[in-house]
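Below you'll find the structure, written out as structure tokens, and then a few comments.
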Amino acid sequence: MYKPLTLMLMCLAASTVFADDAELKRHFDQITAGVDSINSSPGTEPGTILPAGENTFPIAWGKQHQILIPVVCGAVCGKGRAVAFSHSGFLSPEALKIGETARLVKQSLVWLSGSAATEPLPVAIDRKFSAALKGLPGIEGLKITKLDSPRDLNKLPAGTVYVTYPDDWSPAEIEPVREFIANGGGVLATCVGWGWAQVTRKSLITENSFNRLFGPFGLYTNDDSSDRINAKGYPISGVIPPAMRICDALRIAESGEKVDTAAANRAFWGIGALQRVLPPEEREMRERIENLCKIDPSAIPSPKSPFTGQMIRERLALSMFQDRWLRDPYRVWPAHPAATTYPGLPPEGAPRVTRNLTVDMKVPRWHSTGLFAVAGEPITVTLPEGAEKLGLNLRIGTTTCRVTAHPRWVRAPVVDLELPLKSVSTTLSSPFGGLVYIVVPNGRDGEIKVKIGPACPAPWFKLGRDTPQSWRDKIRQYPAPMAEIECEQVVLAVPANEIRGLDDPTPLLKVWKEVLDLDAKLTGISPNRASPERYSGDVQLCAGYMHAGYPIMYPNDTAIILVNVDTIRNSKAEQVWGFFHEMGHNHQNSDWTFDGTGEVTVNLFTLYCMEKVCGLKPRQTRMGSQGIQKSVKKWMDEGRSFEKWKSDPFMALELYVRLIEKYGWETFEKTFAEYRTLPNSERPKNDLEKRSQFVKRFSKYAGEDIGPLFKEWNIPY
């Protein structure tokens, strides 16, 4: 419960509503005048500040998945004022030398002092706040003292601004600061909500000192981080973007007002972010958000009826359900209607089974089970005594893509779940379901028996264990909506309907084994892998058309290519380029991938597999197009800019194609293999060394100096 003083402050803050936009703008302009951009010290990752109340306003913002989010905010708190920065690094000596960061901090301090501003301006810094103690003395016009404790605030002269970093404060430390603000004081505070939550494992809702101190004034922090908008950091435009204040976002959502997509996305993000940190006592704001989410439960996203950015209420309702689920996943949850879109449901009446499986602990990462957890149906995982201490996880779902921040949803934004198996017996259900895996950490040995079920049997063919006959007669007919085809090199997770007509997975797995072995050969590693790579299909990806990783994610509608041997072998239209490309990313070596070639050297693997598997020489792929040759000629005629070369992946790839044509793939194989043998002392330490070493090492196996070619292409080495 809030103490009487806190209740008074809440009323005080609520009564301090800006009379109009002009008044809000006046405060904003006073702080940001003449400021072009600010930045936190290098290497830091600021969090977010949520301007929830009518008396609050954003000052500077970064981005998260292209959504602008606040990193510095202000608030008029009755007689007092507050400014909050989302990282102490904004006040460090390094940051105060970047852009106009020092100017913004100085103007914030002047604004916080109110009408009592004097020169020099008295500033009291919390004795424990080392970044401010080192940085603020570098700002002219400040008279700095140290404060041992917030309890000493009443001893400060009028007009003194208090600079602090509230961490794990006790109520006895918070109350004097609230009283200081109530009596007209100004406080500049910093916090890193995401870092605090990660380190302390405590609740941002009830235990975070920043939220307990400033929540009644309408300022909160949450566990999101903020990306810099550009190389300068956080530019300040002089105009507050619509819907960045959460009170404004709520009005937009409640009224159904049509706003542009960017504003709708900000409104959705802000309301959701606030909901996750609101304390129980903040009933009015909670009720408003809950009322927004009272919508038709049959409204679910799908490829035919996606949730768009303008559907703020629908997106909030679904994301709030997912928040509740992910905060308390170790229980039996009911099925969510969106499970029908992805990962899907088995047909009505499909059997459920319980299986005893042997898990080879020498093989790390995901272990398939051939089971599909049905949405809303509990499954139990039983381990042998003592195995709960091995660090095993249970995973439900093949996708790793979470698309909450995307402006368009064709499925529920989060459908996968991975949890530690901390007990001998674990029972839970996923509201979305999915294929079931046991996840093994690195460094384990031996075998264990695991019992899992009841769940729906899924088509799962493993080379060397299953026969084409057993596959045709039984396995491929298992009713789960997703299937897996596996060998020691790779596992293909696909919609089950794509493989029900596949008579024998063996040739398919052999071609993918060939691809993986080729990638290993080109990059210079053993074909004997610690664990297989994976491809997983999804109806909506979080990044790109496909993306690399574990697993490699691809769109479900391309699964027909992934599982068709004839299409792969005879890929005249290059349908498999994307699948080869993403697997190439998993084999790239940063030692020979210099700046600007991340999307270039990956296609060495693409071209290598296209030639060896599909029979297509580089010039028989898109690298033979006239368009690329015209781009190269134009680039050469215009001065051969190295920066422009790095910005055009296919023009840059042309250089490597010429090396392939002249020196052959064997030269690349030998060169890349040598990199694998380098001791750390000989590995390139910077980008120039990467280019120089590549020229030197490749030249050795080519039998002649390739330096003139690099000079011709204006690539420094």
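Descriptive notes on the structure:
- None of 692, 641, 681 is touching a residue at least 60 places away in the same chain (Cβ under 8 Å) and either open to solvent by 30 Å² or more (accessible area, probe 1.4 Å) or of a type in the set (Ser, Thr, Tyr) (or both) except 641.
- In this entry, residue 150 passes the filter for residues that are under 29 Å from residue 53 (Cβ atoms) and either at pLDDT 95 or above or open to solvent by less than 30 Å² (accessible area, probe 1.4 Å) (or both).
- Within segment 369-413, the set of residues being in a strand (DSSP E or B), in contact (Cβ under 8 Å) with a residue 60 or more places away in the chain and buried (at least 21 other Cβ atoms within 10 Å of the Cβ) comprises 369, 370, 371, 372, 373, 379, 381, 409.
- Identity of the residue in segment 581-626, among the hydroxyl-bearing types (Ser, Thr, Tyr) and either surrounded by fewer than 22 Cβ atoms within 10 Å (Cβ to Cβ) or assigned to a loop (DSSP other than H, G, I, E, B) (or both), that ends up farthest from the chain's Cα centre (by Cα): 625
- Some residue of segment 285-299 being of a type in the set (A, V, I, L, M) and part of a loop (DSSP other than H, G, I, E, B): yes
- Of the helices (runs of 4 or more DSSP H) that lie entirely inside segment 636-717, those containing 2 or more residues that are under 36 Å from the mean Cα position of the chain (by Cα) and under 18 Å from residue 524 (Cα atoms) span 649-676, 687-702.
- Segment 234-259 residues that are farther than 18 Å from residue 68 by Cβ and touching a residue at least 12 places away in the same chain (Cβ under 8 Å), paired with ones that are of a type outside the set (Phe, Trp, Tyr) and open to solvent by less than 10 Å² (accessible area, probe 1.4 Å) (beta carbon under 7 Å, 6 or more apart): 254/292
- Of all residue pairs spaced 6 or more apart or on separate chains, those with beta-carbon atoms under 7 Å, a first member in segment 561-583 that is in contact (Cβ under 8 Å) with a residue 12 or more places away in the chain and farther than 15 Å from residue 502 by Cβ and a second member that is small (Gly, Ala, Ser) and open to solvent by less than 50 Å² (accessible area, probe 1.4 Å) are 582/548.
- The residue that is most open to solvent (accessible area, probe 1.4 Å), counting only those in segment 93-115 that are farther than 23 Å from residue 270 by Cβ and among the small types (Gly, Ala, Ser), is 115.
- Residues satisfying the stated conditions in segment 192-224, i.e. of a type in the set (Ser, Thr, Tyr) and surrounded by fewer than 21 Cβ atoms within 10 Å (Cβ to Cβ): 200, 203, 206
- Residue check, residue 480 assigned to a loop (DSSP other than H, G, I, E, B) and open to solvent by less than 10 Å² (accessible area, probe 1.4 Å): yes
- Of residues in segment 82-114 being among the β-branched types (Val, Ile, Thr) and farther than 14 Å from residue 36 by Cβ, the one nearest to the chain's Cα centre (by Cα): 83
- Residue 334 meets the stated requirement of being open to solvent by 60 Å² or more (accessible area, probe 1.4 Å) and farther than 18 Å from residue 476 by Cα.
- Failed item, numbered, when residue 189 is tested on (1) touching a residue at least 40 places away in the same chain (Cβ under 8 Å); (2) surrounded by fewer than 19 Cβ atoms within 10 Å (Cβ to Cβ); (3) not hydroxyl-bearing (Ser, Thr, Tyr): (2)
- Extreme residue, surrounded by the most Cβ atoms within 10 Å (Cβ to Cβ), among residues of segment 644-678 that are small (Gly, Ala, Ser) and in contact with a Gly (Cβ under 9 Å, 6 or more places away or on another chain): 652
- Every residue from segment 68-92 that is open to solvent by 10 Å² or more (accessible area, probe 1.4 Å) and closer than 19 Å to residue 247 by Cα: 68, 76, 78, 81
- Only one of the numbered conditions (1) closer than 21 Å to residue 302 by Cβ; (2) aliphatic (A, V, I, L, M); (3) part of a strand (DSSP E or B) is not met by residue 419, and that is (1).
- Considering residues of segment 501-551 that are touching a residue at least 40 places away in the same chain (Cβ under 8 Å), in a loop (DSSP other than H, G, I, E, B) and hydroxyl-bearing (Ser, Thr, Tyr) only, the residue least open to solvent (accessible area, probe 1.4 Å): 531
- Scanning segment 300-340 for residues that are of a type in the set (Ser, Thr, Tyr) and farther than 22 Å from residue 428 by Cβ gives 302, 305, 308.
- Residue that is nearest to residue 183 (Cα to Cα), among those in segment 29-82 that are in a strand (DSSP E or B) and of a type in the set (D, E, K, R): 81
- Residue 703 vs. criteria surrounded by fewer than 13 Cβ atoms within 10 Å (Cβ to Cβ) and on the phi > 0 side of the Ramachandran plot: yes
The values are calculated or read from the model by the stated rules, or taken from the named source; none is laboratory data. These figures come from a predicted structure and were not determined experimentally. All Cβ positions, glycine included, derive from the backbone under ideal geometry; neighbour counts span all protein chains shown. Heavy atoms of the whole protein, side chains included, go into the accessibility calculation; ligands, DNA and RNA do not. Shrake-Rupley method; radii C 1.70, N 1.55, O 1.52, S 1.80 Å.
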